[in-house]
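The values are calculated or read from the model by the stated rules, or taken from the named source; none is laboratory data. Note that the structure is a prediction, hence the values are computed from the model and not measured. Heads up, the Cβs are rebuilt from the backbone with ideal geometry, glycines too, and the neighbour counts pull from every protein chain shown. Side chains included, ligands, DNA and RNA excluded: accessible areas come from the protein's heavy atoms. Shrake-Rupley method; radii C 1.70, N 1.55, O 1.52, S 1.80 Å.
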Amino acid sequence: FWLGVPIIQEPQDIQAWQEMIWEVKPDLIIETGIAWGGSIILSASMLTLLEACGQIENGQVVAVDIDIRAHNKENILNHPMSKKITMFEGSSIDKSIIDKVVDMAKNKKRVMLCLDSNHTHDHVLAELRAYAPLVSVGSYCLVFDTGVEDLPGGSTADRPWGKGNNPKTAVWEFLKQNDNFHIDKTIESKIILTSAPDGFLKRIK
């Protein structure tokens, strides 16, 4: 749980995420994939702390999910951090959703991105192409569940993704086409265990 809301992340990745947020000091965090909502509550709470310390102004989280369950949405909206969160229901690669997120990013000084929705190669690659240009230089795009590529074959037989078709393969393909980002290995080296190997992408230009 994060501030009372279930969060489906490795504890080490939670540690890394808060460290990245404190380093970058974003005034907008974009997240795809909401699930129970703990991750966006985490992001919103970190932005609240940054504001309290005078580091940023008007920090916002925008989150997208193709299916926001009614009870999860109610829990998020009733949370004290909800005032910092905007949720859009729909596919993260739908043009109408992309346009809404792009509009929210206008006039923001520093933008971070977290991708954790559909984990197929094509979907994650489409998300990277749509949202990575919004990431500020020196900021991060965190791509979760790249570790699927490292699992034994058949480990995700009940899912449409698996070895050779997952977020890590999408990251590799994206980086072949885009030299604005590189994989920041220092983060995963510090935390040792992560669900996002090769998924900590830092924008360098």
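Points worth noting:
- Filter result (open to solvent by less than 20 Å² (accessible area, probe 1.4 Å) and under 21 Å from GLN15 (Cβ atoms)) within the range 46-62: MET46, LEU47, LEU50, ILE56, GLY59, VAL61
- So SER43, is it out of contact with any strand residue (DSSP E or B) (no Cβ under 7 Å at 6 or more places or on another chain) and open to solvent by less than 70 Å² (accessible area, probe 1.4 Å): no
- Matching residues in the range 69-87 - criterion: being surrounded by fewer than 19 Cβ atoms within 10 Å (Cβ to Cβ) and under 21 Å from VAL102 (Cα atoms): SER82, LYS83, THR86
- Failed condition for HIS123, given (1) surrounded by fewer than 24 Cβ atoms within 10 Å (Cβ to Cβ); (2) under 11 Å from GLY199 (Cβ atoms); (3) not hydroxyl-bearing (Ser, Thr, Tyr): (2)
- You will find that of ASP122, ASP116, ASP145, ASP150, the residue that is touching a residue at least 24 places away in the same chain (Cβ under 8 Å) and at positive phi is ASP145 and no other.
- Residue among SER139, SER117, SER96, SER195 that is in contact with a Ser or Thr (Cβ under 7 Å, 6 or more places away or on another chain) and among the hydroxyl-bearing types (Ser, Thr, Tyr): SER117
- Residue list for the range 171-196, filter: within 18 Å of the chain's Cα centre (by Cα), of a type in the set (D, E, K, R) and either within 20 Å of HIS121 (Cβ to Cβ) or assigned to a loop (DSSP other than H, G, I, E, B) (or both): ASP184
- Meets criteria (touching a Pro at 6+ places or on another chain (Cβ under 8 Å) and touching a residue at least 40 places away in the same chain (Cβ under 8 Å)) for THR169: no
- Summed over the range 166-203, the residues that are open to solvent by 50 Å² or more (accessible area, probe 1.4 Å), at pLDDT 95 or above and over 20 Å from ALA16 (Cβ atoms) give a count of 4.
- GLY90 being open to solvent by less than 80 Å² (accessible area, probe 1.4 Å), free of Cβ contacts under 8 Å to residues at least 60 places away in the same chain and either under 30 Å from LYS185 (Cβ atoms) or among the aromatic types (Phe, Trp, Tyr) (or both): no
- Top-ranked residue of the range 93-102 - restricted to ones that are assigned to a helix (DSSP H, G or I) and in contact (Cβ under 8 Å) with a residue 12 or more places away in the chain, ranked as surrounded by the fewest Cβ atoms within 10 Å (Cβ to Cβ): VAL102
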